[in-house]
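Undergrad: Got a structure for you, written out below as structure tokens; questions coming shortly.
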């Protein structure tokens with residue numbers, strides 16, 4: 001949203017109808033570029049981490065984040081064509097957590113495309129998710145764009161099936177981000193073979209959008225900001241003219257470009273994560289081009305969190321809008337013909353602000 | 001002074017001197033270093049466990065959920081002016097703030113062994129970073 005507009009205060013003080021009629025500019029799809037091409041918008045909500053304390057008690061902070069995203073996406077005008085949920089609806093994969101999250105998300109007035117995260121998966125290996133929510137990998141076409149959803153949070157069979165005495169223990173181990181006993185995320189060969197077959201039917205000049213939970217490149221292995229067989233996925237995406245990968249997991253604004261593939265990550269609705277540059281004991285490969293989001297203020301519960309919307313602007317490129325709840329919103333565009341994405345305001349190092357420096 | 005008493009006094013002085021030689025305050029052995037490091041590591045490991053436990057507060061939220069490897073805690077910058085509190089505070093004030101707010105729990109006393117353990121872990125993960133008290 002625009003600087004100076006306090007949406008929280010605004011929504012509190014206004015009736016829902018009045019609020020919808022006077023939405024800030026940041027929520028309205030804005031046409032950009034000069035060349036024609038079919039334009040559409042979808043929203044992105046991710047990493048809700050709904051956490052059951054016991055019985056009907058859930059962590060309120062995380063409920064509120066997801067509820068706020070649902071409310072704001074419903075206020076979008078024009079409506080997005082659909083919403084992508086980027087994974088980690090639950091914290092410990094429990095049915096109660098998935099059900100509670102779905103209860104909040106059912107208020108969305110547009111369809112949802114689902115991506116599974118490790119927190120949804122490692123209790124029952126995706127059984128309840130597939131029964132109740134969605135397949136784990138699939139593809140669909142929308143207004144000339146081919147979308148592929150991958151389950152990128154698989155790992156070694158030994159770790160999954162032999163290492164832990166119980167499913168609960170396995171889930172707890174995977175839920176700890178900085179776990180030295182953890183295991184790297186993978187897409188794995190079976191799904192790669194499916195992807196190869198799926199892409200064989202798609203023309204190479206079709207805009208491709210790949211949705212995964214983890215980044216399909218390597219940022220920082222100790223926190224699984226990483227997919228171990230990312231290069232194999234990238235090799236299958238390489239023949240296409242324009243590929244956009246959207247992912248969650250990292251709870252932050254993060255973007256990168258590798259050849260023809262643009263990568264953009266979105267914030268969580270639950271809490272923000274530090275950039276790996278903040279951990280000085282181990283090296284990282286955080287992309288230089290990313291302008292960091294502001295260091296989060298712990299006293300503001302929703303700071304560093306939010307949701308996103310993506311404008312697919314035909315042959316003009318893709319624009320990512322980051323709706324940061326306690327900061328100015330940001331837009332990162334990958335325009336056709338440009339080699340890499342750029343932030344509308346802060347890409348020039350001279351224009352960056354002090355809170356964007358992380359240490 | 002009787003001969004017996006004199007002998008006793010000499011023996012006592014010798015004993016004191018010997019004691020002083022074997023335990024001077026500024027001298028220690030490699031075994032001592034090992035012992036002290038083991039003691040520290042054990043407290044630090046206890047801190048790591050607490051930091052990841054979800055038991056400090058009442059809602060199962062653990063410190064590492066926002067601070068993997070204790071990152072973004074910046075122990076090297078404390079004490080500092082904490083703008084949200086409006087005065088200069090220490091790292092333990094912020095630890096207690098997190099226990100009370102995101103974790104919905106009761107603050108630890110300053111001399112609670114759990115507080116020392118948490119501080120030991122947080123500092124350990126930040127080892128090697130230069131001290132910059134007051135930095136925001």
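The values are calculated or read from the model by the stated rules, or taken from the named source; none is laboratory data. These figures come from a predicted structure and were not determined experimentally. Every residue, glycine as well, gets a Cβ built from its backbone with ideal geometry; the counts of neighbours run over all protein chains shown.
Undergrad: Check off (1) over 21 Å from residue A:222 (Cβ atoms); (2) touching a helix residue (DSSP H, G or I) at 6+ places or on another chain (Cβ under 7 Å); (3) more than 9 Å from every other protein chain (Cβ to nearest Cβ) for residue B:102 and give me the number that stays unchecked.
TA: (3)
Per-residue answers, yes or no, for (1) surrounded by fewer than 17 Cβ atoms within 10 Å (Cβ to Cβ); (2) closer than 30 Å to residue A:108 by Cα:
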residue	(1), (2)
A:259	yes, no
A:297	yes, yes
A:305	no, yes
A:325	no, yes
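Undergrad: Then there is this: Pick from A:133, A:84, A:70, A:59: which is within 14 Å of another protein chain (Cβ to nearest Cβ) and at pLDDT 95 or above?
TA: A:59
Undergrad: Let me ask another. Suppose the filter is over 23 Å from residue A:268 (Cα atoms) and touching a strand residue (DSSP E or B) at 6+ places or on another chain (Cβ under 7 Å); does residue B:79 pass it?
TA: So residue B:79 fits the description; yes.
Undergrad: Out of region A:239-257, which residues are surrounded by fewer than 19 Cβ atoms within 10 Å (Cβ to Cβ) and out of contact with any strand residue (DSSP E or B) (no Cβ under 8 Å at 6 or more places or on another chain)?
TA: Of everything in region A:239-257, those that are surrounded by fewer than 19 Cβ atoms within 10 Å (Cβ to Cβ) and out of contact with any strand residue (DSSP E or B) (no Cβ under 8 Å at 6 or more places or on another chain) turn out to be A:239, A:241.
Undergrad: Mind listing just one residue for me: the one in region B:105-134 that is within 9 Å of chain A (Cβ to nearest Cβ) and either in contact with a strand residue (DSSP E or B) (Cβ under 8 Å, 6 or more places away or on another chain) or without any contact (Cβ under 8 Å) to a residue 12 or more places away in the chain (or both) and, of those, nearest to residue A:302 (Cα to Cα)?
TA: My answer is B:127.
Undergrad: Which one is farthest from the other protein chains (Cβ to nearest Cβ), of the residues in region A:88-112 that are in contact with a strand residue (DSSP E or B) (Cβ under 8 Å, 6 or more places away or on another chain), buried (at least 19 other Cβ atoms within 10 Å of the Cβ) and within 24 Å of residue A:139 (Cα to Cα)?
TA: Going through the qualifying residues, I end up with A:108.
Undergrad: Could you run through region A:279-295 and say how many residues are closer than 22 Å to residue A:346 by Cα, within 13 Å of chain B (Cβ to nearest Cβ) and surrounded by fewer than 22 Cβ atoms within 10 Å (Cβ to Cβ)?
TA: Looking only at that region, the number is 4.
Undergrad: On the basis of being in contact with a helix residue (DSSP H, G or I) (Cβ under 9 Å, 6 or more places away or on another chain) and within 14 Å of another protein chain (Cβ to nearest Cβ), does residue A:355 make the cut?
TA: No, not satisfied.
Undergrad: Keeping to region A:286-298, report how many residues are in contact with a helix residue (DSSP H, G or I) (Cβ under 8 Å, 6 or more places away or on another chain) and farther than 15 Å from residue B:67 by Cβ.
TA: Residues in region A:286-298 being in contact with a helix residue (DSSP H, G or I) (Cβ under 8 Å, 6 or more places away or on another chain) and farther than 15 Å from residue B:67 by Cβ: 5 in total.
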